[in-house]
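Structure first, commentary second.
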Amino acid sequence: MRYLGEKCPLCGVEFIEDDDIVVCPDCGTPHHRECYTTGNRCANEELHAENWKWERKIRKHGFRTCPKCHFPNKYTDTVCSRCGAELSDISVGDYGATGSASENGQFGREPFSVPDAEELLNPIKFLGLDPDEDMGGATMKEVSDFVGTSAIYYIPKFKQMKDGGAKPTFNLFSLVFPSLFFANRKMWGWAVVAAILSILFNLPENLLLCIESLPEDIANFLSSNKPVIENVSNILIIADMAVRAVFCFFANWFYFRFSINSLKKYKKMRMGAEDIKAAGGVKPFNMVLIMLIKCGIGMATIAVLYMGFEMITTVQDFSTLCLH
């Protein structure tokens, strides 16, 4: 209700959500319908000859728009809540129905209103950040272009990390599928490390699950040592959970450092802006590749174990023959 909080000029009682309100057709003054009907006139009738128009008395508090990052701060703030810039000399703009008056008299977007198409395509502008801010060897605009998809999620986190260091931030994708997350973001080093650790941590459990399809000698060895292997498997499962927790809370930090280091390298190579942009972003096909790599590493690990087991068996048989 547009008159919520205003008072009826005849009875002096504030309007509430369910009130039946009638507006004077001449000046726009709102009244309770009962009050208006009882008095049979507008409370400001004597001002009609002066062409007076009613205006709201209850208005939203103004905001101080930061001249550096354009963040709309509360009218009582003396420093910007986002970047810390001084606001004491900035005039207070009032947020009305269509926008907000900034310190230069222009109107900007009201907080929490629907962004325009340009802001949706430009996450830095939408977030009210400085595109030229140094992020540690690259500007925020360069980092945003390199990140590409989901930049509106990563850029605020990257800024916090740049300002405050390696702070844990939750990343569900890297918790459940760490190797897929890193591969999708073209972080091949971390993708391979995550894949190898996952294979090693789950190897004992997978061997016990596939015991019937393994060669007889290995199957017999696993069966005879099953309690020990199960204990080792439980320990490695806990280790796997711990590593996943690290990836979950620090994957965004790894990605931040990867982005900055990559941008430094590409800029040193004098790559063009479009080439750098193409080098970043995501590549879903990489997730298929890392799964194939993971299968290959798993098969290679089983082959090495089989060969090692055969060598140990051969040495034991040879030692037995020598003793006899």
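Would you mind checking the pairs 141/283; 167/226; 7/68; 186/226; 159/268 and listing those with alpha carbons more than 31 angstrom apart? Could you put the intermediate results ahead of the total?
Details: 141/283 21 Å; 167/226 42 Å; 7/68 40 Å; 186/226 39 Å; 159/268 23 Å.
Pairs exceeding the cut-off: 167/226; 7/68; 186/226.
Accessible area of residue 176 (1.4 Å probe, protein heavy atoms only, ligands and nucleic acids ignored): about 70 Å².
Note on exposure: 228, 22 ranked by accessible area (1.4 Å probe, complete protein assembly) read 228, 22, with the most exposed listed first.
Residue 8: net charge of surrounding residues, Cβ under 12 Å, Lys/Arg +1, Asp/Glu -1, itself excluded? Local net charge: -3. Counting Lys and Arg as +1 and Asp and Glu as -1 over every other residue whose Cβ lies under 13 Å from the Cβ of residue 197, the net charge comes to +1. Rolling a 1.4 angstrom probe over segment 132-285 with all protein chains present gives an accessible area of which 63% lies on carbon and sulfur atoms. Spatial offset of segment 124-200 relative to segment 246-324 amounts to 20 Å, using the alpha carbon center of each. Annotation note: GluC sites (Glu not before Pro) in segment 6-51 located in DSSP loop regions with a Cβ neighbour count of at most 13 within 10 Å are 17. Here the convex hull built on the C-alpha positions of segment 211-287 has a volume of 165 cubic angstrom per residue.
For the set 78, 301, the ranking by accessible area, highest first and with no ligand, DNA or RNA atoms included, is 78, 301 under a 1.4 Å probe. Ranking 221, 258 by solvent-accessible area of protein heavy atoms (1.4 Å probe, all protein chains present), from largest to smallest, gives 221, 258. With contacts taken as Cα pairs under 8 Å at a separation of at least 6 residues, segment 1-48 carries a relative contact order of 29 percent. Accessible area per residue was computed with a 1.4 Å probe on protein heavy atoms; residue 141 scores about 90 Å².
The values are calculated or read from the model by the stated rules, or taken from the named source; none is laboratory data. Every value quoted in this text rests on a predicted model; they were computed, and no experiment measured them. Note that we place each Cβ from the backbone using ideal geometry, even for glycine, and neighbour counts take in every protein chain shown. Ligands, DNA and RNA are excluded from the accessible area calculation, which covers all protein heavy atoms including side chains. Shrake-Rupley method; radii C 1.70, N 1.55, O 1.52, S 1.80 Å.
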